[in-house]
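Novice: Got a structure here, written out as C-alpha cells. Questions coming.
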Amino acid sequence: MFWRLVFQLLRGNRARLTVAILALVSGAAVISGLLNLDLGVEYQLTQQFRTLGANVVIAAKSVDPAPGTAHANSALMDEDAVLIPVQKVAGSNASFAPFAFIVARAQATQVVVVGTWLDQIQKLNPTWKLEGNWVSSRDDQTQCLVGRNTAKQLRLTTGSRLQLQYLTRASACTVSGIVDSGAADDNQVFMNLQVVQTLADLHGKVSLVQLSVGGAPKSIAMVAEQLSEALPQFQVRPIREVTEAEGALLGRIRLLIVSMIILILALTALCVLATMAALAVERRADVGLMKALGGSISRIVGFFVAEVGVLGACGGLIGAFLGAALSYWMGLRVFDTAISPQWEVFPVTILLMTIVAMAGVLPLRMLGEVKPAIILRGE
Amino acid sequence: MSNVVQVENLRKDFGKVCALGGVSFGIEEGEWIAIMGPSGSGKTTLINILGGLDTPTSGQAMVDGVDVGRLDEAGLTRFRAEKIGFVFQQFHLVSYLTAIENVMLAQYFHSTTDEKEAQQALERVGLGDRLEHLPSQMSGGEQQRVAVARALINQPKLILADEPTGNLDEANEKIVIDLLRELHAERRTILMVTHAPSIGSLADRRIDFSHGHLVPYVAALASERP
C-alpha cells in the first residue's frame, strides 16, 4: 500500500511535480556533465600536456639536467645501469631515450652533436616541426637530423651529406630532415646514439635520459620517485614547469567545476523546496484526513519523503544520461575528442539529486502542526 | 449492558467561549444515538472529543474503557485508528486515490492492508463496480458510501457520523440511512449528528444540545418507532 500510495501521490500531483522533476533533471544533467568533464579533463589534459615533451630527466648527480642543453661529458652514466631500471619502472607508461652530447667540427664549424634514439625523438618532442623525414630506426647509422640554424649555417638541405670530425675520428650522415623547434635544438645535429658513442669513444655511456611520462602530475611525481629509488646513484627530476602547469590548470578547472556543482545543487534544492512548499499547503486537507483516520505524522510524512526520494532518483537518472551526452559534446568542442561517460558518475549524480530532493521534505514539517478537527471543519 | 461511551461532566472551552458546559451521558453497546441541536450548540465538539480529534478542557470522556482526555498525541492516533470509524458530511476522501485505495488507507493506518476485504466492504455498500474509480468520478452518494465502507473496515467500536446525509439528495440519503440501519441491526454503536428530525427519529435515542448543554428532555424514541 505504501508504494501504491506514493505512486498515486506522484500521479495525482503530476502537474506541480513536473516543475520539480524538470529542475532535478536539469540540475542532474549539468552536474553529471561537469563530473564527467572533471574526470575526463584530467585524461585529456595529461594527453595534451604530454605533447609538450619530456617531463622527467635522469642525469649524473653532478650535472644540471636541463633538457636540450649540451654538456661536456664530464659526468656520464653507464648506459645499462640507467636504461634497464628505467625500462623496468616506467617502460609501460613512458617514452624515453638516452642522450649523449659532444661538440664536433663540421665544415670547420663547431656544432653540438646529440646522440640519441632517433626513433623516439618525435615522441619526446612532439612540437617539433620537421622538413623531410624522421629516422625510424635507432640502428640507422647513415641518417641524421639537423637543426634549422645549423642547416642554414652549413647550407644543408634534406638529402645533403654532412661530414663530422671529432678529434681524430670522422663520421658522415645524410640529412634526413631539418628540425624547427624554436629552441636551442635548432643549433644541433641529431644522430643515433651508437654513432655518437663510436665517434667520441663513449661506448656504453650516456649523459642524460629524458622521459615523457603519461598521467596526472601526481602519477608523474610518483614515477619520478620510483625512479629515484631504483637509481639512487643518479639524479631524477621531474621538469616542474610542465607538471606544475598541468597541476595548476587541473586544480583551477576542478575548483571551477566544484563551485558550479555546489551552486547548481543549491539552486535545484531551492526550486524543489519552493514546489514542495506549495504542495505541502495543498496537502493540508489530506494530511488532516489521514491523521483523523489514525495515521501518525511519521507514517504520513513517510509517503512524502518517499515521493521526493523517487523524484530525486528519477531526476538524477535521467539527468545523468543527459549529462553524459552533454560532456561528450563539450569534449568534442573543447578538446576535439569525445569524453566517454564515466559510469561512476551515474550513482553519484542519482545520490546527489536524491539528497537535494530531500530539501523538499523541509516544508513538510508544517504538516506536523495540522489539526485534523480544524481541517475537517473546512477551515 | 455495558456502556461503550461514558461522558462525565465534559467541558470544552475555546478561549472564553464555552462549547461544552459539563455534559454527562452514557451510550450502551449497539445503540444508535442521534445528537441534535442548532448550529454552535456543541454537537461537533462532542464528536471531535469522542473521536480523539480534540481534547476536553475538563471532565471525562470514556470510549471502550479508554479515557480520551488522558491520551497523548501518539495515543490519540492509535485510538482513532483502532476504535473509531468516521463518516463526515463532506465525505473527505483522498482525491487522488481510488475507492478501494481510500478504504485500504484506513486499513494501512490500522495495521495491514487486505485488498479482498476492502473490496468486500465496498461491495457491501453497493460499489462493487466502482472499486477503481476516483472520487471525482463518483456521485456524492457514492462517495459517502465509500466513506461508510472506510469507517467500517477496521471493525471500530464506535461509528461517529457527522451530518452523514447533509450533502446528499433524497435518493442517496435513503441509501446511506439504509446502510446505517443495517449497521445498527448488526449491533454497531452509532453516534450520529443530524439536523433532520426525520433522520433523528430513526435512532434509538435522541440527545438534544443547546448552547453546550444537554436539553433536559431525553426522548426514548426506540419504543415510538413503528
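Novice: Just one of B:GLU123, B:GLU117 is within 14 Å of chain A (Cβ to nearest Cβ) and either farther than 17 Å from B:PHE86 by Cα or modelled with pLDDT under 95 (or both); which is it?
Specialist: Step by step, each of B:GLU123, B:GLU117 is checked, and only B:GLU117 is within 14 Å of chain A (Cβ to nearest Cβ) and either farther than 17 Å from B:PHE86 by Cα or modelled with pLDDT under 95 (or both).
Novice: Okay, moving on. Given the criterion out of contact with any Ser or Thr (no Cβ under 7 Å at 6 or more places or on another chain) and at pLDDT below 90, identify the matching residue among A:VAL361, A:VAL348.
Specialist: A:VAL361
Novice: Still on this structure, I have one more. Among A:ILE300, A:ILE261, which is in contact (Cβ under 8 Å) with a residue 24 or more places away in the chain and over 21 Å from B:THR113 (Cβ atoms)?
Specialist: Every option except A:ILE261 fails the conditions.
Novice: Condition test on B:GLY21, is it in contact with a Leu (Cβ under 8 Å, 6 or more places away or on another chain), over 24 Å from B:LEU202 (Cβ atoms) and more than 14 Å from chain A (Cβ to nearest Cβ)?
Specialist: No: the conditions fail for B:GLY21.
Residue by residue, here is whether (1) surrounded by fewer than 21 Cβ atoms within 10 Å (Cβ to Cβ); (2) at the interface with chain A (Cβ under 9 Å from one of its Cβ atoms); (3) touching a residue at least 24 places away in the same chain (Cβ under 8 Å) holds:
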{"position": "B:PHE79", "(1), (2), (3)": "yes, yes, yes"}
{"position": "B:HIS92", "(1), (2), (3)": "no, yes, yes"}
{"position": "B:HIS110", "(1), (2), (3)": "yes, yes, yes"}
{"position": "B:LEU127", "(1), (2), (3)": "no, no, yes"}
{"position": "B:ARG145", "(1), (2), (3)": "no, no, yes"}
{"position": "B:ASP169", "(1), (2), (3)": "yes, no, yes"}
{"position": "B:ASN172", "(1), (2), (3)": "yes, no, yes"}
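Novice: If you take the residues of segment A:310-333 that are farther than 14 Å from A:ALA28 by Cβ and of a type outside the set (A, V, I, L, M), which of them is surrounded by the most Cβ atoms within 10 Å (Cβ to Cβ)?
Specialist: Going through the qualifying residues, I end up with A:GLY331.
Novice: If you go through segment A:146-162, how many residues are in contact (Cβ under 8 Å) with a residue 12 or more places away in the chain, not in a helix (DSSP H, G or I) and not polar (S, T, N, Q)?
Specialist: 7
Novice: A:GLN143 - would you say it is buried (at least 18 other Cβ atoms within 10 Å of the Cβ), of a type in the set (S, T, N, Q) and more than 19 Å from A:GLN235 (Cα to Cα)?
Specialist: Here the answer is yes, as A:GLN143 does meet what is asked.
Novice: If we keep just the residues of segment B:4-32 that are of a type in the set (A, V, I, L, M) and closer than 14 Å to B:LEU214 by Cα, which is surrounded by the fewest Cβ atoms within 10 Å (Cβ to Cβ)?
Specialist: The extreme case among them is B:VAL23.
Novice: For residues that are within 13 Å of chain A (Cβ to nearest Cβ) and charged (D, E, K, R), scanning just segment B:44-77, find the one that is surrounded by the fewest Cβ atoms within 10 Å (Cβ to Cβ).
Specialist: B:ASP72
Novice: Need pairs with beta-carbon distance below 9 Å; first residue under 28 Å from B:ALA171 (Cβ atoms) and surrounded by fewer than 16 Cβ atoms within 10 Å (Cβ to Cβ) and within segment B:193-213, second modelled with pLDDT under 90 and among the β-branched types (Val, Ile, Thr); sequence gap 6+ or separate chains.
Specialist: What qualifies is B:ALA196/B:THR165.
Novice: So, one more: Report, by residue number, each residue of segment A:286-300 that is among the small types (Gly, Ala, Ser) and either under 12 Å from A:GLY368 (Cα atoms) or more than 8 Å from chain B (Cβ to nearest Cβ) (or both).
Specialist: A:GLY288, A:GLY295, A:SER296, A:SER298
Novice: What is the number of the single condition among (1) within 14 Å of chain A (Cβ to nearest Cβ); (2) under 24 Å from B:HIS184 (Cα atoms); (3) out of contact with any Ser or Thr (no Cβ under 7 Å at 6 or more places or on another chain) that B:MET104 does not meet?
Specialist: Checking B:MET104 against (1) within 14 Å of chain A (Cβ to nearest Cβ); (2) under 24 Å from B:HIS184 (Cα atoms); (3) out of contact with any Ser or Thr (no Cβ under 7 Å at 6 or more places or on another chain), the one that fails is (3).
Novice: Additional query: Does segment B:125-167 hold any residues that are over 24 Å from B:GLY200 (Cα atoms) and outside any loop (DSSP other than H, G, I, E, B), and which are they?
Specialist: B:PRO135, B:SER136, B:GLN137
Novice: Got a number for residues in segment A:301-341 being aromatic (Phe, Trp, Tyr) and either farther than 27 Å from B:SER111 by Cβ or more than 14 Å from chain B (Cβ to nearest Cβ) (or both)?
Specialist: 4
Novice: Working only within segment A:355-366, note down all residues that are buried (at least 20 other Cβ atoms within 10 Å of the Cβ) and either in contact with a Gly (Cβ under 9 Å, 6 or more places away or on another chain) or not assigned by TED's automatic domain parsing to the domain that holds A:ARG283 (or both).
Specialist: Once the filter is applied, which keeps residues that are buried (at least 20 other Cβ atoms within 10 Å of the Cβ) and either in contact with a Gly (Cβ under 9 Å, 6 or more places away or on another chain) or not assigned by TED's automatic domain parsing to the domain that holds A:ARG283 (or both), segment A:355-366 yields A:VAL356, A:ALA357, A:GLY360.
The values are calculated or read from the model by the stated rules, or taken from the named source; none is laboratory data. The shown structure was predicted, so the numbers you read here are calculated from the model rather than taken from an experiment. Every residue, glycine among them, receives a Cβ derived from its backbone with ideal geometry; neighbour counts consider all protein chains shown.
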